[in-house]
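Student: Questions regarding the structure given below will be posed in turn.
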Amino acid sequence: MGVQLDWENLGFVYRDLPYRFRATWKDGEWHSEGLVQGNQLVISESSSALHYGQQCFEGLKAYRTKTGDLQLFRPDMNSKRLNASASRLLMPEVPQEMFIEACKDVVRANADYVPPYGTGGTLYLRPLLIGVGDMIGVAPATEYIFTVFAMPVGNYFKGGLKPAKFLASFDYDRAAPFGTGAAKVGGNYAASLYPGKVAKGQNYAEVVYLDPATHTKIEEVGAANFFGITKDGTFITPKSPSILPSITKYSLLYLAEHRLGLKAVEGDVFIDELDQFAEAGACGTAAVITPVGAINVRGTEHVFFSETEVGPTIKRLYDELTGIQFGDIEAPEGWIYKV
Ligand code: PLP
Ligand code: COI
């Protein structure tokens, strides 16, 4: 490979790679520019994405296997979710074929930046859909840009499979009960910046968000979904209309049941009933699986398996998931897309 980076310590930072995909939507049609160079977008100062948050995005990864092949994990699910987010904000859908081909093209064009197998690094892809054009009224834009760019990344939370500590937030929500929590839209993340800062200021990795209506049930862990393993071996993850439907979470629900033989359910996780869990984790594309070492609930830290070690069930789930993603373990049908 021509590119030399510190592959084992990439962190989660932006890098300006040579190529990205770009397409524009106007007069009811998509016009693809294909791969382009240059990381700047020139858009109208009145773009609806800038003023009214009419934008949505995705996050998925490309993996290098032991034999050097490149592959994507469930990009069809990201395509479906992008379109669900787009519909919620009255934006045009991106055809699934264009979405997946764009992701593959960006991986191929930047192949030198896909980290070597065994370093734990991956190529993170960021599909982005924004409303642009000249318009100032609160209304859907008449023009849109869809772009997919990429960067090599390592761990999102420091330490990889090392447990992290989180702060339950009773004062701030990331989304409203019937708002846009289930859509991957920028406004949810803007709303999370302040509570995230409060948590980090107290040495927590991120916030545990509770259900915005009653603040009694766990919803999400920063930019990741929550799951717990009960003392009798059930995998439980919250079900709620205001959390982002995590593709990693649905994958773990399947793997917990079909590969680990656990009972796996979506249901309520009450913040005052954490004693039922032997282990807990946060899952997402960026977070992969991060063990939840402890949650601060109203000033008292509830410790799960351990504050320093990953528990046995989460370790098995992690090995199964990442084994599939990096091509070492056979994937359920349709999960892997060769690039
Ligand atoms: N929750 C939020 C708020 C997120 O931003 C993400 C990341 O995409 C997730 C959960 C995890 O979703 P996924 O597993 O699809 O990456
Ligand atoms: C992802 O897992 O892709 C995320 O959403 C994380 C991100 C917002 C940094």
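The values are calculated or read from the model by the stated rules, or taken from the named source; none is laboratory data. Since the model is a prediction, treat every value here as computed from it, not as a measurement. Heads up: the accessible areas ignore ligands, DNA and RNA and are worked out on the full protein's heavy atoms, side chains in. Shrake-Rupley method; radii C 1.70, N 1.55, O 1.52, S 1.80 Å.
Student: Cut-off under 14 Å on the C-alpha distance; same-chain residues fewer than 8 positions from residue 66 excluded. Which aspartates and glutamates are left, in chain and number order?
Tutor: Once the sequence-local aspartates and glutamates are set aside, what remains near residue 66 is 328, 330.
Student: Now for a separate question. Please report the antiparallel percentage of DSSP beta bridges with both residues in the chain, rounded to the nearest 5.
Tutor: Bridges in the chain are about 80 percent antiparallel.
Student: Then there is this: Please enumerate, by chain and number, the aspartates and glutamates with C-alpha under 12 Å from the C-alpha of residue 263, excluding those fewer than 8 residues away in the same chain.
Tutor: Within reach: 232.
Student: What aspartates and glutamates sit close enough to residue 162 to cross-link, taking a C-alpha to C-alpha distance under 15 Å and skipping anything fewer than 8 places away on the same chain?
Tutor: 206, 279, 307, 309, 319
Student: For the chain, what is the relative contact order in percent, using Cα pairs closer than 8 Å and at least 6 residues apart in sequence?
Tutor: In percent, rounded to a whole number, it is 19.
Student: For the chain, what does the helix formula give at 222 nm: sum of -39500 (n - 2.57) over DSSP H segments with n ≥ 4, over the residue count, nearest 500 deg cm²/dmol?
Tutor: -7000 deg cm²/dmol
Student: Same structure again: Rounded if a/c is under 1.5, else prolate if a/b is larger than b/c, else oblate: which is region 119-191, with a ≥ b ≥ c the root eigenvalues of its Cα gyration tensor?
Tutor: In terms of gyration-tensor shape, oblate.
Student: Which whole-Hz couplings ³J(HN,Hα) result when phi for each residue of region 224-235 is put into the Karplus expression 6.51 cos²θ - 1.76 cosθ + 1.60, θ = phi - 60°, listed in order with x for Gly and Pro?
Tutor: After applying 6.51 cos²θ - 1.76 cosθ + 1.60, I find 8, 8, 9, 8, x, 10, 6, 5, 9, x, 9, 8 Hz.
Student: Just the number please: accessible area per residue for the chain, 1.4 Å probe, all protein chains included, in Å².
Tutor: Values: 14810 Å² over 339 residues.
That works out to 44 Å² for each residue.
Student: According to the Kirkwood expression over distinct Cα-Cα pairs, how big is the hydrodynamic radius of the chain, in Å?
Tutor: 20.7
Student: How many percent of the accessible area of region 40-159 is carbon or sulfur, using a 1.4 Å probe?
Tutor: Roughly 53 percent of what the probe reaches on region 40-159 is carbon or sulfur.
Student: To continue, here is another question. Quick one: pull the percent of accessible area on region 219-289 belonging to carbon and sulfur, 1.4 Å probe, ligands and nucleic acids left out.
Tutor: Numbers: 1180 of 2400 Å².
Answer for region 219-289 is 49 percent, counting heavy atoms of protein chains only.
Student: Would you mind telling me the antiparallel percentage of the DSSP bridges in region 194-327, rounded to 5?
Tutor: 80
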